[in-house]
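S.K.: Before anything else, here's the structure in question.
Please treat every number below as a calculation from the coordinates, not as lab data. What you see is a predicted model; the values in this text were computed from it and never measured. All Cβ positions, glycine included, derive from the backbone under ideal geometry; neighbour counts span all protein chains shown.
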């Protein structure tokens, strides 16, 4: 009995954390590297879901192939958008906010005009896993694996590839990085495309779990923003992991006892408390700690 | 215009409405170490930033290896072979020493191979501590790292802005020795902004004195080794 409750809690936690991570990762790396808040992030996720629905229902592709189509499609969309629009606003952060908000409106209304108010559903893969007296959705467990895998890939890219180290250098001091010949614009372009591709992947993965409608992005973007704000932009990897884990620990039990609505409220309250005490989020706090320790060590 | 490594003619630049550089003209030939001296706030660092392209020129021209670079970005100038060691060092504190050095590889895209061995030979401490985060380094070690980071990319011209500030005298000496050796062994051209009279006397082949955004004197080797002469340009 006790074991069942524990297993159930763990499952809820994994499900919750996967959702927070996948919803927030793309937004977070764009904020962390380029310092631009992409208000169209939710609509990028929606585009990913539409691409999956289209390639599943019309193209008759298997779901994993649909996910690839969504990632590549939304990633390319981000690439083009950065080249044509976003890069004009790097010196003007408020302008970037308005511009991406405009993009979000155009996307959701455009999809409404082209495809109507709803889209043919993608069936939910029924993989049931039974442990003792409880049973769990295998698909949702897989989502957790994909979320953790996505973080691992990001970490590998940032810490073990040349372009990743250049990206971290640009995050710490973009002007100096440019003075060393590092192509900052290319880093920003690739980051925006990667963040967009992650949004596309999220849309693809959650397409079977929801009804696919033009305004579905809003269901992702609120938790995405809470996760990003609590995590902070100082280090997307540390930020995403700590924030998603802490928020899930708080909201998963609340949600399983009192329902999703109370779970969301718990999320908000937790975010408010964290921001009150750590205005730069978890990763900003970790960075400040590290800098203070370095400062103590670096006395001449 | 000559065919030196660096030719600056009538260069003006500044922040906002105020122009700090007011028509600077100078040239540096291959293999020279040229000192730029002057009091605080006369525009020495501004000149370095304008040569690097961090600050756009409001008028005048900069040419590097005979090619005009006035309208190029800092990235493009670095790629052509200008290595920059800024005031305050500006190392990346949350990258390791090795990763910091790696960031210099994009300097001088025409080079053949990178120069970690040479940099590690000049500054053995960088090899010993290559896995350490650069932010944990002392000021002197950070200065060595900043110079090493530029050298990895095999620059054709090294801009060094006040390397002695806030650093122990013994390390200033060590850095001076290394710059002298690189210049002698590899013929590296160096523009050195400095106020430390000993370092200037030791390194520079010739120099310029700056005041209020202008070059006010050209100094020969004998004038640079004359402490009283230098103090005159450096005193407030």
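S.K.: Taking N as the number of residues in the stretch A:102-150, what is its Cα Rg relative to 2.2 N^0.38 Å? Please report the intermediate quantities before stating the final value.
M.R.: Numbers: Rg = 17.5 Å, N = 49, 2.2 N^0.38 = 9.7 Å.
Here the Cα radius of gyration is 1.81 times the empirical estimate.
S.K.: Now for a separate question. What are the extents of the Cα atoms of the stretch A:64-154 along their three principal axes, listed from largest to smallest and rounded to whole Å?
M.R.: 57, 36, 24
S.K.: At a 10 Å Cβ-Cβ cut-off, how would you order B:229, B:210, fewest neighbours first? It would help to have the intermediate numbers written out before the result.
M.R.: Numbers: B:229 16, B:210 24.
Exposure proxy ranking, most exposed first: B:229, B:210.
S.K.: Shifting gears a bit: log10 I(q)/I(0), Debye, Cα-only the protein assembly as shown, no solvent, q = 0.05, 0.09, 0.13 Å⁻¹?
M.R.: So the normalised log intensities are -0.27, -0.75, -1.18.
S.K.: I need B:46, A:128 ordered by Cβ neighbour count within 10 Å, fewest first.
M.R.: Details: B:46 21, A:128 9.
Ordered by Cβ neighbours within 10 Å, fewest first: A:128, B:46.
S.K.: What is the mean projected area of the alpha carbon convex hull for the stretch A:108-229, to one decimal in square nanometres? If you can, show how the numbers build up before the last one.
M.R.: Numbers: hull surface 43.6 nm².
The orientation-averaged projected area of the Cα hull of the stretch A:108-229 comes to 10.9 nm².
S.K.: Another question about this same structure. If you wrap the stretch B:1-58's Cα atoms in a convex hull and average its projection over all directions, what's the area in nm²? Don't skip to the end; give the middle numbers.
M.R.: Details: hull surface 16.7 nm².
Taking a quarter of the hull surface, the average projection is 4.2 nm².
S.K.: Let me ask something additional. Express the relative contact order of the stretch B:149-236 as a whole percentage, based on alpha carbon pairs under 8 Å and six or more residues apart in sequence. Walk me through the intermediate numbers first.
M.R.: Details: 83 pairs, mean separation 21.2, N = 88.
Taking the mean separation of contacting Cα pairs over the length of the stretch B:149-236, I get 24 percent.
S.K.: On to the next question. Of the peptides A:46-57, B:70-81, A:171-182, how do they stack up when ordered by the mean number of other Cβ atoms within 10 Å, highest first? Before the final figure, lay out each step's value.
M.R.: Working: A:46-57: 25.5, B:70-81: 19.7, A:171-182: 22.7.
Those peptides, ordered most packed to least, come out A:46-57, A:171-182, B:70-81.
S.K.: If you line up the long axis of helix B:139-152 against the longest principal axis of chain B, both from Cα atoms, how many degrees apart are they, to the nearest 10?
M.R.: 90 degrees
S.K.: Can I ask one more? Just to check, using Stokes-Einstein with a Kirkwood Rh over alpha carbon pairs, what's the diffusion coefficient of the stretch A:159-284 at 37 °C and 0.692 mPa s in µm²/s?
M.R.: Values: Rh = 16.6 Å.
It comes out at roughly 198 µm²/s.
S.K.: Remind me, what semi-axes does the stretch A:1-102 give for its equivalent ellipsoid, largest first in whole Å, using sqrt of 5 times each Cα gyration tensor eigenvalue?
M.R.: On the way: eigenvalues 199, 96, 17 Å².
In descending order the semi-axes read 32, 22, 9 Å.
S.K.: Averaged across the residues of B:71-84, what count of C-beta atoms belonging to other chains lies within 10 Å of each residue's C-beta?
M.R.: 4
S.K.: Residue by residue through A:178-191, how many Cβ atoms from other chains fall within 10 Å of the Cβ on average? Numbers along the way, then the final one.
M.R.: Numbers: counts 11, 18, 19, 21, 9, 5, 3, 2, 1, 0, 0, 0, 0, 0.
Counting other chains' Cβ atoms within 10 Å and averaging over A:178-191 gives 6.
S.K.: Note the direction-averaged projected area, equal to a quarter of the hull surface, for the Cα convex hull of the stretch B:21-88, in nm².
M.R.: Details: hull surface 19.9 nm².
Averaged projected area of the stretch B:21-88's Cα convex hull equals 5.0 nm².
S.K.: So for each of A:131-138, B:6-13 I average, over its residues, the number of other beta carbons within 10 Å; can you give me the resulting order with the highest mean first?
M.R.: B:6-13, A:131-138
S.K.: Specify the residue with the greatest mean-square fluctuation among B:104, B:14, B:166, computed from a Gaussian network of chain B linking alpha-carbon atoms under 10 Å apart.
M.R.: B:166
S.K.: Hey, another quick one. Going by C-beta contacts inside 10 Å, put A:89, A:282 in order with the fewest on the left. Walk me through the numbers before you get to the answer.
M.R.: Numbers: A:89 16, A:282 22.
In increasing order of surrounding Cβ atoms, one gets A:89, A:282.
S.K.: May I pose another question? 222 nm [θ] for chain A, helices only, -39500 (n - 2.57) per DSSP H run of 4+, per residue, to 500?
M.R.: Values: 12 runs with 230 residues, N = 300.
For chain A, the value works out to -26000 deg cm²/dmol.
S.K.: Here's a follow-up. With no solvent and one equal point scatterer placed on each C-alpha of chain B, evaluate the Debye formula and give log10 I(q)/I(0) for q = 0.09, 0.11, 0.15 Å⁻¹, two decimals.
M.R.: -0.34, -0.52, -1.01
S.K.: Per-residue Cβ counts within 10 Å, from other chains only, averaged over A:57-65: what number is that?
M.R.: Details: counts 0, 0, 0, 0, 0, 0, 0, 0, 0.
Counting other chains' Cβ atoms within 10 Å and averaging over A:57-65 gives 0.
S.K.: For chain A, rounded, prolate or oblate, judged on the Cα gyration tensor with a ≥ b ≥ c (square roots of eigenvalues), a/c < 1.5 rounded, else prolate if a/b > b/c?
M.R.: Working: a/c = 1.79, a/b = 1.18, b/c = 1.52.
Taking the square roots of the gyration eigenvalues as a ≥ b ≥ c, chain A is oblate.
S.K.: Using the scaling law 2.2 N^0.38 Å as the reference, what is the normalised Cα Rg of the stretch A:43-198? Could the numbers behind the result be given before it?
M.R.: Details: Rg = 19.2 Å, N = 156, 2.2 N^0.38 = 15.0 Å.
Computed over Cα atoms of the stretch A:43-198, the ratio equals 1.28.
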